[in-house]
Amino acid sequence: MRMDREYTACRFVVVGLELARQAGQFDVTGVAALAVQGEDWAPQWRVHARVGPAPQSPSAPGSERSSVVWVESAADALAVVERRLTADPHVVVARLGQVEAGIFRVHRASCPRLASQVIWDALRLAQIACPSVAEPSESALASALGVELPDRQAPLTQAVWATSEICRRAVAQGVTAGRWATLRQIEDLVGKRQPPVEAEYLPTAPVQGTLFDG
């Protein structure tokens, strides 16, 4: 059994947020995203933006720091992801999705396309795909799917990669078990549909993207 054409045509944008508590609420201090497509989740593009001044010390080529885009605000960080979204169908994938959905909504003027997408809850999908896991913690589900979680001090990009692998392997396991075969079947189980974004925030022309940020 294979997934349907709607699934293979969709781009999945796995998003992770770096948060800091300030004055009783969470502020976004970093955003990382990885876009993939097809049943093998072939990488399409990736970005990593952090809020704050860029470090003065130079980074070695290829290092984590050298690939980061430094921006002035959370809205600017989300806009870095927004600029990569095209008119193609997209689904956002997040570890849980509720926090991300709320933050996208707050900053929808800077990321209207992102705030308009359906969000999949990766851990809920893994829980459905792995019903034998008695206590469905992230570590237990990741272990059941053969995904190694990064250390808590690891860069945000590694956490995003782990979430993408949890989702990809959960989809494949569900297909093998006959639990689903279409994008809509999964969406009905773990998809969170966002409230409509006001028309004045929506772009008036198609947004184009390139393969990778530097």
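Observations
- The chain - percent of accessible surface contributed by carbon and sulfur, probe 1.4 Å: 50 percent
- Ellipticity estimate at 222 nm from DSSP helix runs (n ≥ 4, -39,500 (n - 2.57)) divided over the chain, nearest 500: -9500 deg cm²/dmol
- Percent of C-alpha pairs per 5 Å bin in segment 24-148, short distances first: 2, 10, 16, 19, 18, 16, 13, 6, 1, 0.
- Here the alpha carbons of segment 1-54 define both size measures, Rg and Dmax, at 15.8, 51 Å.
- Rel. contact order, % - alpha carbon contacts under 8 angstrom, at least six apart, the chain: 26 percent
- Computed with a 1.4 Å probe over protein heavy atoms only, the accessible surface of segment 99-214 comes to 53 Å² per residue.
- Dipole in debye (nearest 20) - the chain, about Cα centre, beta carbon charges: Lys, Arg +1; Asp, Glu -1: 180 debye
- Cα convex hull of segment 96-214 - mean projected area over all directions, nm²: 9.4 nm²
- Note on A172 and F26: the extension gain reaches 49.2 nm, defined as 0.36 nm multiplied by sequence separation minus the Cα-Cα distance.
- The peptide list 144-153, 90-99, put in order of mean Cβ contacts within 10 Å with the highest first, becomes 90-99, 144-153.
- Derived from the Cα gyration tensor, the three semi-axes of the equivalent ellipsoid of segment 66-121 are 18, 13, 12 Å, largest first.
- Per the Cα gyration tensor, the chain maps to an equivalent ellipsoid with semi-axes of 27, 21, 17 Å, ordered largest to smallest.
- Residues of segment 95-117 with amide N under 20 Å of a point placed 7 Å along Cα→Cβ from E200: 104-116
- The distance between label points at V69 and T86 comes to 1.7 nm (points 7 Å beyond Cα on the Cα→Cβ vector).
The values are calculated or read from the model by the stated rules, or taken from the named source; none is laboratory data. Computed from a predicted structure; not experimentally measured. Backbone-built Cβ (ideal geometry, glycine too); neighbour counts: all protein chains shown. Just the protein is used for accessible areas: all its heavy atoms, side chains included, with ligands, DNA and RNA removed. Shrake-Rupley method; radii C 1.70, N 1.55, O 1.52, S 1.80 Å.
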